[in-house]
């Protein structure tokens, strides 16, 4: 039997159409005709880890149509595959997060949120070694960024979280200030106020067009659609026939890091852990340390002389041009 380090779950990019897509037939046929199966093997040679792609031959819309019991049954069949290969956690396409989170399963699902926070912290660490940054501007939703904010506060730089609904995060900002002592500003996206010595980090694809409104600004993009972050790892995904964007890479690497840390919890325990992670940055620190040990961050970093960032190299680090 193959020895695998991880498994990744995804579905069809498009929904099935016609008679097979009708709810009556889906509920009766899906558990038999569209059961999860191993579709591809994935090998990250740079990291020395390998895994498999568990594929459900339905679109997300088809899956949502199923009765709750059938959705749980389909994911339960994924668990059978995990047990067969002695894998105790499942990475899942980030675009399926809301859909899968609503279905009760006993094994932990990883969607890559904490990996992205840890990667952002590692990249900030490198940028600050190479460039004089005066302010950090994070474009995204504050609750998801709280573990990162606690980590970045150690640099004692002004931090601004910007999005289109800042009033929704007022309570979170209040908690950061009075529970953690972190003074993080929370405001509407305002490219006109950004300066050349700011570091802008984009976490939400829906805000990308708004961030492009400010030319000659330095930014790092870590959205689900991001590509060119770690070419060698992305090539491994492409060779396996998978989408090579961060939406795939982040959950896989997150599951590997938690496995290396020896953390294995049921999905119920996982939800409690996720809640705790929104209130402290301990998991981010742990993932950074494990990533350093495994060499996971190396493919994401540019080992070039100080000053190279001023030239705009494309890919991960970008200086937006007119």
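For residue 76, state whether it is loosely packed, with under 15 Cβ neighbours inside 10 Å, free of Cβ contacts under 8 Å to residues at least 60 places away in the same chain and either closer than 23 Å to residue 230 by Cβ or within 24 Å of the chain's Cα centre (by Cα) (or both).
no
Please find, among 113, 27, 46, 86, the residue that is out of contact with any strand residue (DSSP E or B) (no Cβ under 6 Å at 6 or more places or on another chain), under 23 Å from residue 294 (Cα atoms) and at pLDDT below 90. Give the steps one after another, and end with the answer.
Numbers: 113 fails: at pLDDT below 90; 27 fails: under 23 Å from residue 294 (Cα atoms); 86 fails: at pLDDT below 90.
The match here is 46.
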Quiz prompt | Criterion: assigned by TED's automatic domain parsing to the domain that holds residue 209 and either part of a helix (DSSP H, G or I) or surrounded by 18 or more Cβ atoms within 10 Å (Cβ to Cβ) (or both) - qualifying residue of 137, 133 | solution = 137
Quiz item: Using beta carbons and a limit of 9 Å, which pairs, at least six apart or on different chains, have the first residue in region 1-30 and touching a residue at least 12 places away in the same chain (Cβ under 8 Å) and the second one assigned to a strand (DSSP E or B) and loosely packed, with under 15 Cβ neighbours inside 10 Å?
Solution: 2/41; 4/41
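Being touching a strand residue (DSSP E or B) at 6+ places or on another chain (Cβ under 7 Å) and either surrounded by fewer than 21 Cβ atoms within 10 Å (Cβ to Cβ) or outside any strand (DSSP E or B) (or both): is that true of residue 96 here? Reasoning before the result, please.
On the way: touching a strand residue (DSSP E or B) at 6+ places or on another chain (Cβ under 7 Å): yes; either surrounded by fewer than 21 Cβ atoms within 10 Å (Cβ to Cβ) or outside any strand (DSSP E or B) (or both): yes.
In short, yes.
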Self-check item: Residue match in region 122-143 (condition: farther than 30 Å from residue 185 by Cα, in contact with a helix residue (DSSP H, G or I) (Cβ under 7 Å, 6 or more places away or on another chain) and touching a residue at least 60 places away in the same chain (Cβ under 8 Å))
Solution: no
Self-check item: Number of the condition not met by residue 101 [criteria: (1) under 22 Å from residue 6 (Cα atoms); (2) touching a strand residue (DSSP E or B) at 6+ places or on another chain (Cβ under 9 Å); (3) buried (at least 20 other Cβ atoms within 10 Å of the Cβ)]
Solution: (3)
Quiz item: Of the numbered conditions (1) over 25 Å from residue 290 (Cβ atoms); (2) surrounded by fewer than 20 Cβ atoms within 10 Å (Cβ to Cβ), residue 66 satisfies every one except a single condition; which is it?
Solution: (2)
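The values are calculated or read from the model by the stated rules, or taken from the named source; none is laboratory data. As the structure is a computational prediction, the values presented were derived from the model and not from experiment. Note that we place each Cβ from the backbone using ideal geometry, even for glycine, and neighbour counts take in every protein chain shown.
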